[in-house]
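Here's the structure we're looking at; comments come further down.
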Amino acid sequence: RRDMPVGVAGEGGMVIAIRAEAGQFVARGQVLAEIDSSVQRAQLAQLEAAVRQAQADARLAQAELDRATALVERGFISRADIDRRTATRDAARARVGVAEAQVREMRERIGRLSIRAPEAGLVLARNVEPGQVVSPGSGALFRIAAGGQLDMRAQVAEQDMAGLRVGQEASVTPVGARERYAGRIWLLEPVIDPQTRLGVARIAL
């Protein structure tokens, strides 16, 4: 019923693994394919080290401020010096926040290198191979039928459309098959083709 194309949401790269095949049911958020993230993970390690360094600087700035505060009442340190140390401590804390934000951003970028199913459903097609370099402009790498719901679009003569209604039961027999499939009309498309004079009844199977 709902054909969902799934492509690259992040910056792209080389596909290193395929985790789903056509005909397989997948859960929401399940990884369909993985893109190489070795460069981004090295950058993440650097950013995490920067966070630790910034935290150490902030702790040192706080310790110096605490010592200065203890001495200011005894007249060894001026109030202006306390203000400078307070500003230094606040700047160090701000650098910690910036570094942590950069780590969160990189983790989000790495997460987007895993191509995931936006909804649970049936994989209809896989259009990517391991080793292929993909990008946001590569188009749909997978197609998923959301919820695994099947839909038949029956062409109906214009004069017969008026006799149909949403919710009406239908029995569908594929050409060359003996099996019948139960269905129900869930939508009557409002437009009649001016060339063929046919309308479309959409039947959920």
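Sort out which residues of the range 1-48 are open to solvent by 60 Å² or more (accessible area, probe 1.4 Å), of a type in the set (Val, Ile, Thr) and touching a residue at least 60 places away in the same chain (Cβ under 8 Å), and write them in order of number.
ILE16
What pairs come up if the first residue lies in the range 71-87 and is within 21 Å of ASP57 (Cβ to Cβ), the second is at pLDDT below 80 and among the β-branched types (Val, Ile, Thr), and their beta carbons are under 8 Å apart, counting only those six or more places apart or on different chains?
Taking only residues 6 or more apart or on different chains, the pairs are ASP81/VAL72; ILE82/VAL72.
Need pairs with beta-carbon distance below 7 Å; first residue free of Cβ contacts under 8 Å to residues at least 24 places away in the same chain and within the range 101-112, second open to solvent by 40 Å² or more (accessible area, probe 1.4 Å); sequence gap 6+ or separate chains.
Final answer for the pair search is none.
Identify the single condition in (1) touching a helix residue (DSSP H, G or I) at 6+ places or on another chain (Cβ under 6 Å); (2) open to solvent by less than 60 Å² (accessible area, probe 1.4 Å); (3) of a type in the set (Asp, Glu) that ASP57 does not satisfy, given that it satisfies every other one.
(2)
Looking only at the range 146-170, filter to residues that are open to solvent by 80 Å² or more (accessible area, probe 1.4 Å) and closer than 15 Å to ILE203 by Cα; which one of those is nearest to the chain's Cα centre (by Cα)?
GLN149
Take the range 171-205 and flag every residue that is more than 37 Å from the chain's Cα centre (by Cα), of a type in the set (Asp, Glu) and either closer than 16 Å to VAL156 by Cα or surrounded by 10 or more Cβ atoms within 10 Å (Cβ to Cβ) (or both).
ASP193, the sole residue that qualifies.
Among the numbered criteria (1) touching a Ser or Thr at 6+ places or on another chain (Cβ under 9 Å); (2) open to solvent by 20 Å² or more (accessible area, probe 1.4 Å), which single criterion is violated by ARG67?
Condition (1) is where ARG67 drops out.
The values are calculated or read from the model by the stated rules, or taken from the named source; none is laboratory data. Bear in mind that the values here come from a model prediction, so they are computed numbers and not experimental data. Here the Cβ is made from the backbone with ideal geometry for all residues, glycine too, and neighbour counts use every protein chain on show. Accessible surface is based on the protein model in full, side chains and every heavy atom, while ligands, DNA and RNA are left aside. Shrake-Rupley method; radii C 1.70, N 1.55, O 1.52, S 1.80 Å.
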